[in-house]
Amino acid sequence: MLRSRDELWPDIFLCRLLRKPRGTGATMAKAMNEKSFVEKREPEWRRLDELVNKATFRTGALSPAEFREFLACYRRASRDLAVARTQSDNAGLIDFLNDLVGRSYGTLYRAPVNSLGRSILTAIETIAQTFRRRILFVAASATIFIASILFGFIALSSLPQTREFFVPDAAKESFESWKKGEFEERDGSAGALMTGFYAMNNPKAAVVTGSLGAGTFGLASIFLIYNNGVMLGALAHETNSVGHLDFLLSSISPHGVPELSGLVVSGAAGLLLGWSLLFPGRQSRASSIRSVGKDAIVLLGASVLLMFIAAPIEGFFSFDPRAPGALKVTVALIEVIAWGAFWTFVGRERDSLKPTTRVHAATVAEA
């Protein structure tokens, strides 16, 4: 039966202090080698014991640097155990290393029991990591959207007769309202009602934009991104023609930062799915879409979350005539900085650790 750590640590010192080299020259040399081995390796064994205790009593307590140190110490302790078993007859030393390596293995490969807070933090980090991993598709989606805005604006400026094509009948009343350059004041109940409307409608649009990419090789996603961009470009032209472009931009910017980001991210999910179908490589199309499916779902989830975040801002603040335009622009700039920092830095320190945590036990113990 293995002894407790409190009983085993003294055996290390007994090995070094009480074991006397006696007998034949070979036996004496073996004892002296063992003493040198213990003196050299003991500090790292103690450090591994500290890291195991820290990870055992508080799940996820190891920092990225500590986790890397833990893996390195675990590998070397596994080798030390193999050496002790083959070259030493010191039962205390072997028992100690066996216990230390066993606890390390259990800590590394046990099923994680995460708290709700830790689970939420992991989900947030996963969103940012997936965004960075699929940045090319996000950039492609953003490019399509921005190009569509410019196309709608320039087309109406150059060919006013195309207004009927770019501004559907259902949108004309809304366009005329924007051209007035003012909003009717809303009370709290009206703001709550509109927040509910935005929270139901916009996330649904994000899901449709992204998910249709799987069935249309990305074409439906491209069309929906384009359609939203052209409409915004046309609206920008219309308000600019009456001198209210600044009113439009200041009014849509507070909620537009998360909402339009959500549109772009959902478009990226659709483009990712479409790309996996068009260019599956050596995989079947089914395997290809499965390989990107998790990332696409994360991007869709992120887009829905962004739409939910935008809803109360749009319902209570963006269209409030009492809020000056300068304040709205300031809020939007703060949002841009905050979201930029989120997409760039959150979870970055763990990007390189993700593959490591999946390593097989045999690989971890390799020399």
**Message:** For segment 224-235, check the following and say yes or no: at least one residue is over 20 Å from Met307 (Cβ atoms) and not in a helix (DSSP H, G or I).
**Reply:** no
**Item:** Filter result for Leu263 (in contact (Cβ under 8 Å) with a residue 60 or more places away in the chain, under 24 Å from Phe342 (Cβ atoms), assigned to a helix (DSSP H, G or I) and assigned by TED's automatic domain parsing to the domain that holds Phe316)
**Value:** yes
**Asked** In the list Glu185, Glu238, Glu173, which residue meets the criterion of being without any contact (Cβ under 8 Å) to a residue 12 or more places away in the chain and either under 17 Å from Ala269 (Cβ atoms) or of a type outside the set (Gly, Ala, Ser) (or both)?
**Response** Glu173
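Please tell me if Ser303 is farther than 17 Å from Ser148 by Cα, at pLDDT 95 or above and polar (S, T, N, Q). Give the steps one after another, and end with the answer.
Details: farther than 17 Å from Ser148 by Cα: yes; at pLDDT 95 or above: yes; polar (S, T, N, Q): yes.
Taking the combined requirement at face value, the residue satisfies it.
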**Request:** Inspect all residues belonging to segment 283-297 and state whether any of them is crowded, with 19+ Cβ neighbours inside 10 Å and under 22 Å from Leu232 (Cβ atoms).
**Result:** no
**Item:** Pairs where the first residue, in segment 274-295, is in a helix (DSSP H, G or I) and the second is of a type in the set (Lys, Arg), C-beta under 6 Å, 6+ apart
**Value:** Leu277/Arg285; Asp295/Arg134
**Message:** Six or more apart or on different chains, Cβ atoms under 9 Å: show the pairs whose first residue is in segment 132-159 and under 17 Å from Leu245 (Cα atoms) and whose second is charged (D, E, K, R).
**Reply:** Leu156/Arg163; Leu156/Glu238
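Is segment 196-218 home to any residue that is under 29 Å from Gln161 (Cα atoms) and either in a helix (DSSP H, G or I) or over 27 Å from the mean Cα position of the chain (by Cα) (or both)?
So the first thing to find is which residues in segment 196-218 are under 29 Å from Gln161 (Cα atoms), and the list is none.
Scanning segment 196-218 turns up no residue that is under 29 Å from Gln161 (Cα atoms) and either in a helix (DSSP H, G or I) or over 27 Å from the mean Cα position of the chain (by Cα) (or both).
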**Request:** Kindly list the number of the only condition in (1) loosely packed, with under 14 Cβ neighbours inside 10 Å; (2) over 30 Å from Asp295 (Cβ atoms); (3) in contact (Cβ under 8 Å) with a residue 12 or more places away in the chain; (4) not charged (D, E, K, R) that fails for Leu93.
**Result:** (1)
**Asked** If we only count helices (runs of 4 or more DSSP H) wholly inside segment 41-135, which ones have 1 or more residues that are under 18 Å from Gly347 (Cβ atoms)?
**Response** 64-87, 116-133
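Yes/no per residue for (1) in contact with an Asp or Glu (Cβ under 8 Å, 6 or more places away or on another chain); (2) among the hydroxyl-bearing types (Ser, Thr, Tyr); (3) loosely packed, with under 13 Cβ neighbours inside 10 Å; (4) modelled with pLDDT under 85:
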position	(1), (2), (3), (4)
Lys179	yes, no, no, no
Asn201	no, no, yes, no
Lys204	no, no, yes, no
Gly215	no, no, no, no
**Message:** Here's a check for you: in segment 181-195, which residue that is over 30 Å from the mean Cα position of the chain (by Cα) and more than 19 Å from Leu248 (Cβ to Cβ) is surrounded by the most Cβ atoms within 10 Å (Cβ to Cβ)?
**Reply:** Gly191
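On the basis of being of a type in the set (A, V, I, L, M), more than 17 Å from Leu97 (Cβ to Cβ) and surrounded by fewer than 19 Cβ atoms within 10 Å (Cβ to Cβ), does Ala61 make the cut?
Working: of a type in the set (A, V, I, L, M): yes; more than 17 Å from Leu97 (Cβ to Cβ): yes; surrounded by fewer than 19 Cβ atoms within 10 Å (Cβ to Cβ): yes.
The answer is yes for Ala61.
The values are calculated or read from the model by the stated rules, or taken from the named source; none is laboratory data. These numbers come from a predicted model, not from an experiment. Positions of Cβ are backbone-derived with ideal geometry, glycine not excepted, and every protein chain shown enters the neighbour counts.
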